[in-house]
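Have a look at the structure below, then the notes.
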Number of protein chains: 2
Amino acid sequence: MTDGLPMEVPAQDLPPRVRIHEVGARDGLQNEKTVVPTEVKAEFVHRLAAAGLTTIEATSFVHPKWVPQLADAEQLFPQLEDIKGVALPVLVPNERGLDRAVALGARRIAVFGSATETFARRNLNRTVDESLAMFEPVVARAKDDKVHVRGYLSMCFGDPWEGPVPVHQVVRVAKALMDLGCDELSLGDTIGVATPGHVQALLAQLNEEGVPTSAIGVHFHDTYGQALANTLAALQHGVTTVDASAGGLGGCPYAKSATGNLATEDLVWMLHGLGVETGVDLGLLTATSVWMAERLGRPSPSRTVRALSHKE
Amino acid sequence: MTDGLPMEVPAQDLPPRVRIHEVGARDGLQNEKTVVPTEVKAEFVHRLAAAGLTTIEATSFVHPKWVPQLADAEQLFPQLEDIKGVALPVLVPNERGLDRAVALGARRIAVFGSATETFARRNLNRTVDESLAMFEPVVARAKDDKVHVRGYLSMCFGDPWEGPVPVHQVVRVAKALMDLGCDELSLGDTIGVATPGHVQALLAQLNEEGVPTSAIGVHFHDTYGQALANTLAALQHGVTTVDASAGGLGGCPYAKSATGNLATEDLVWMLHGLGVETGVDLGLLTATSVWMAERLGRPSPSRTVRALSHKE
């Protein structure tokens with residue numbers, strides 16, 4: 001019996017509404033082994049929009065060689081044209097990606113940076129500063145076209161090679177991304193090691209150095225089970241943009257190391273219990289994730305999806 | 001690389017130290033399909049103590065017919081005699097159970113009540129008030145013997161048959177357990193539906209009606225992924241006793257509905273990141289849970305156990 005559950009009991013000093021930045025179709029599918037057909041992706045994004053999500057990162061205009069799972073961006077994006085009132089940002093790695101995205105009508109883009117040198121080298125084949133230099137013309141041209149720019153910043157709390165990442169190091173790159181003209185940042189705990197005090201310390205230091213909370217989204221991974229507690233800490237700091245992945249896409253429940261994103265359903269369960277508006281219909285969203293899990297041939301790693309679908 | 005992780009960054013207004021009430025050997029194993037041999041249980045408790053846990057609920061002196069997994073309480077408990085400086089509470093359902101436990105030298109017991117009538121009837125075959133009447137002589141005799149008594153209160157946030165559980169209903173039964181003479185309470189979110197505002201509202205109302213936070217432990221389940229966020233909310237309210245189950249014992253990672261306890265490792269990761277002392281060695285604890293998972297023939301549902309054991 002889940003009628004009336006979660007019971008709505010607001011906590012003090014939380015924002016009345018949170019915007020969920022849904023990353024399942026991009027960050028999630030990019031990290032799944034199964035390559036999903038374009039028409040399934042298109043139906044997925046349509047279903048996410050029908051479930052009430054208002055920001056759905058759709059795909060990535062990266063070279064197909066690097067991310068074969070999203071090699072169909074050019075085919076997929078036009079199939080989303082009929083979705084109204086929903087922001088459909090796309091990831092672009094460079095000017096070539098920007099050209100392809102804008103040519104198809106994208107009005108929101110995201111660039112993907114790193115707070116650590118090791119990950120910048122391994123993921124972008126550049127130093128942190130070289131990657132910022134690469135983003136500069138991308139962001140400048142996007143701004144000229146009045147295209148909204150999100151700056152992802154990965155490894156904000158720990159790095160698999162470097163270990164703990166100092167707050168001041170993250171702040172430096174975050175400020176640089178804002179100085180380039182990014183409209184918002186997404187602070188990524190890419191390996192899922194953050195804890196709530198660390199989250200609040202980073203947010204406070206960013207504020208201190210002129211980055212307002214209103215420009216900050218948080219992007220937690222559930223590798224160590226910390227994602228939702230960290231989200232609560234961010235909400236208590238005033239954050240109103242939270243990244244999550246429908247059904248926890250991108251993390252495999254059978255892998256020894258489940259490195260997935262925070263599942264949108266687990267987030268929505270907490271927010272609705274807290275009386276924080278999301279606009280999301282949890283039943284429709286869960287049904288969508290169950291449907292996608294069937295297409296991927298494995299159960300969803302989201303605990304809420306498993307609990308709710310077991311009861312249906 | 002996990003050296004130096006989680007990075008220790010204290011949050012404001014949290015207790016400096018938390019006592020983890022480890023329930024894996026009782027609540028965990030009671031809910032596993034596999035019946036574990038007595039000598040494995042004994043080694044498990046010894047290993048938990050060696051990992052630094054100071055309160056380890058050891059077994060249950062319930063009739064073997066009801067809980068076959070723990071039918072060996074009489075054989076197990078004497079095998080734990082050499083464990084020094086560790087509290088080893090045992091569950092007792094009634095006076096007969098109390099007699100058996102105390103005869104073997106138990107100095108801490110727990111009774112198991114329900115906040116809802118439906119669960120009281122189904123689990124205890126009594127109304128809530130009839131179950132309180134049953135506990136009365138158990139607690140009175142325990143107090144006469146200076147035996148420490150914990151009162152479990154299940155279904156504090158939601159009930160699978162009744163849905164949402166009103167706060168005042170929980171407070172009434174909690175106060176009744178305290179009035180019987182219980183030294184501490186454990187507030188159970190048995191079906192895992194609670195959210196952080198609900199947790200704080202219940203704690204505040206209990207304080208209002210005379211139950212001090214120092215007498216309250218929290219017992220969260222991760223069915224909807226909320227356990228650690230709820231724990232953070234409880235810590236922020238001042239709670240210093242948190243129940244958890246090593247490796248998330250009691251919840252199956254392959255079941256559609258993972259109804260398990262909060263995993264002790266996930267809790268310890270957060271607490272150590274927050275700079276909250278637990279006395280627990282996370283490496284030893286994780287190794288213990290990996291070892292137990294092998295005995296159970298399935299991986300641990302704890303995300304921290306999976307992440308750390310993958311990297312070892």
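The values are calculated or read from the model by the stated rules, or taken from the named source; none is laboratory data. Small disclaimer: the values here were computed from a predicted structure and weren't measured. Every residue, glycine as well, gets a Cβ built from its backbone with ideal geometry; the counts of neighbours run over all protein chains shown.
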When you look at A:E265, is it part of a helix (DSSP H, G or I) and within 10 Å of chain B (Cβ to nearest Cβ), yes or no? yes
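Check B:A133, B:A204, B:A140 and return the single one that is touching a residue at least 40 places away in the same chain (Cβ under 8 Å) and part of a helix (DSSP H, G or I).
Numbers: B:A133 fails: touching a residue at least 40 places away in the same chain (Cβ under 8 Å); B:A204 fails: touching a residue at least 40 places away in the same chain (Cβ under 8 Å).
Only one candidate qualifies: B:A140.
Restricted to the stretch A:5-57, and to residues that are in a strand (DSSP E or B) and of a type outside the set (K, R), which residue is nearest to the other protein chains (Cβ to nearest Cβ)? Steps first, answer last, please.
From the stretch A:5-57, those in a strand (DSSP E or B) are A:17, A:19-22, A:55-56; that's our starting set.
Add one more test, that the residue is of a type outside the set (K, R), and what stays is A:20-22, A:55-56.
Working: A:I20: 15, A:H21: 19, A:E22: 17, A:T55: 22, A:I56: 21 Å.
Residue satisfying both the conditions and the ranking: A:I20.
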What single numbered condition from (1) surrounded by fewer than 24 Cβ atoms within 10 Å (Cβ to Cβ); (2) touching a strand residue (DSSP E or B) at 6+ places or on another chain (Cβ under 6 Å); (3) of a type outside the set (S, T, N, Q) fails to hold for B:F220? (1)
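Could you tell me whether A:L284 is outside any loop (DSSP other than H, G, I, E, B) and away from every other protein chain (no Cβ under 13 Å)?
On the way: outside any loop (DSSP other than H, G, I, E, B): yes; away from every other protein chain (no Cβ under 13 Å): yes.
The answer is yes for A:L284.
Mind counting the residues in the stretch A:261-278 that are of a type in the set (S, T, N, Q) and buried (at least 24 other Cβ atoms within 10 Å of the Cβ)?
To start, the set of residues in the stretch A:261-278 that are of a type in the set (S, T, N, Q) comprises A:261, A:264, A:278.
Applying the additional criterion that residues be buried (at least 24 other Cβ atoms within 10 Å of the Cβ) yields A:261, A:264.
Going through the stretch A:261-278 one residue at a time, the tally reaches 2.
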Of the conditions (1) surrounded by fewer than 19 Cβ atoms within 10 Å (Cβ to Cβ); (2) small (G, A, S); (3) within 14 Å of chain A (Cβ to nearest Cβ), B:A71 clears all except one; give me its number. (3)
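Go over the candidates B:A110, B:A140 one by one and state the one that is small (G, A, S), surrounded by fewer than 15 Cβ atoms within 10 Å (Cβ to Cβ) and on the phi < 0 side of the Ramachandran plot. It would help to see each step written out before you state the result.
Details: B:A110 fails: surrounded by fewer than 15 Cβ atoms within 10 Å (Cβ to Cβ).
Going through B:A110, B:A140 in turn, the sole match is B:A140.
Take A:D72 and tell me if it is under 28 Å from A:L296 (Cα atoms), modelled with pLDDT of 95 or more and in contact with a His (Cβ under 9 Å, 6 or more places away or on another chain). Even if it seems obvious, please write down each step before you answer.
Working: under 28 Å from A:L296 (Cα atoms): yes; modelled with pLDDT of 95 or more: yes; in contact with a His (Cβ under 9 Å, 6 or more places away or on another chain): no.
Here the answer is no, as A:D72 does not meet what is asked.
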So which residues in the stretch A:287-312 are within 11 Å of chain B (Cβ to nearest Cβ), assigned to a helix (DSSP H, G or I) and of a type outside the set (A, V, I, L, M, F, W, C), if there are any at all? A:R303, A:T304, A:R306, A:S309, A:H310, A:K311
Considering every residue within the stretch A:173-194, establish whether at least one is within 14 Å of chain B (Cβ to nearest Cβ), modelled with pLDDT of 95 or more and assigned to a helix (DSSP H, G or I). no
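Given the residues A:F44, A:F61, A:F77, which is the only one that is under 14 Å from A:M292 (Cβ atoms) and surrounded by 19 or more Cβ atoms within 10 Å (Cβ to Cβ)?
On the way: A:F61 fails: under 14 Å from A:M292 (Cβ atoms); A:F77 fails: under 14 Å from A:M292 (Cβ atoms).
Residue meeting the stated conditions: A:F44.
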Does the stretch A:84-105 contain any residue that is modelled with pLDDT of 95 or more, surrounded by fewer than 18 Cβ atoms within 10 Å (Cβ to Cβ), in a helix (DSSP H, G or I) and touching a Lys or Arg at 6+ places or on another chain (Cβ under 6 Å)? no
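Hey, any hits in the stretch A:72-88 for a residue that's touching a helix residue (DSSP H, G or I) at 6+ places or on another chain (Cβ under 9 Å) and under 19 Å from A:T231 (Cβ atoms)? Lay out the reasoning, then the answer.
Start the filter on the stretch A:72-88 by keeping residues that are touching a helix residue (DSSP H, G or I) at 6+ places or on another chain (Cβ under 9 Å), which leaves A:72-77, A:79-80, A:82-86, A:88.
From the residues that got through so far, the ones that are under 19 Å from A:T231 (Cβ atoms) too are none.
No: zero hits.
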Scope the stretch A:30-50; condition modelled with pLDDT of 95 or more and hydrophobic (A, V, I, L, M, F, W, C); matching residues: A:V36, A:V40, A:A42, A:F44, A:V45, A:L48, A:A49, A:A50
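Name every residue in the stretch A:143-175 that is farther than 18 Å from A:Q200 by Cβ and surrounded by 20 or more Cβ atoms within 10 Å (Cβ to Cβ), in order of residue number.
Let us first name the residues in the stretch A:143-175 that are farther than 18 Å from A:Q200 by Cβ, namely A:143-152, A:154-155, A:159-163, A:172-173, A:175.
Within the stretch A:143-175, A:V147, A:V149, A:R150, A:G151, A:Y152, A:S154, A:M155, A:D159, A:V173 qualify.
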Of (1) closer than 21 Å to B:Q12 by Cβ; (2) in contact with a Lys or Arg (Cβ under 6 Å, 6 or more places away or on another chain), A:F220 fails just (2)
Looking only at the stretch B:149-171, decide whether some residue is touching a Cys at 6+ places or on another chain (Cβ under 8 Å), assigned to a loop (DSSP other than H, G, I, E, B) and not basic (K, R). yes
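Among A:L5, A:L14, A:L104, A:L29, which is touching a strand residue (DSSP E or B) at 6+ places or on another chain (Cβ under 6 Å) and either hydrophobic (A, V, I, L, M, F, W, C) or within 20 Å of A:T286 (Cβ to Cβ) (or both)?
Values: A:L14 fails: touching a strand residue (DSSP E or B) at 6+ places or on another chain (Cβ under 6 Å); A:L104 fails: touching a strand residue (DSSP E or B) at 6+ places or on another chain (Cβ under 6 Å); A:L29 fails: touching a strand residue (DSSP E or B) at 6+ places or on another chain (Cβ under 6 Å).
Only one candidate qualifies: A:L5.
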Working only within the stretch B:280-309, note down all residues that are closer than 20 Å to A:T195 by Cα and out of contact with any strand residue (DSSP E or B) (no Cβ under 8 Å at 6 or more places or on another chain). B:D281, B:L282, B:G283, B:L285, B:T286, B:R306, B:A307, B:L308, B:S309
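Of the residues B:S131, B:S154, only one is away from every other protein chain (no Cβ under 14 Å) and within 24 Å of A:T304 (Cα to Cα); which?
Matching residue, one of B:S131, B:S154: B:S154.
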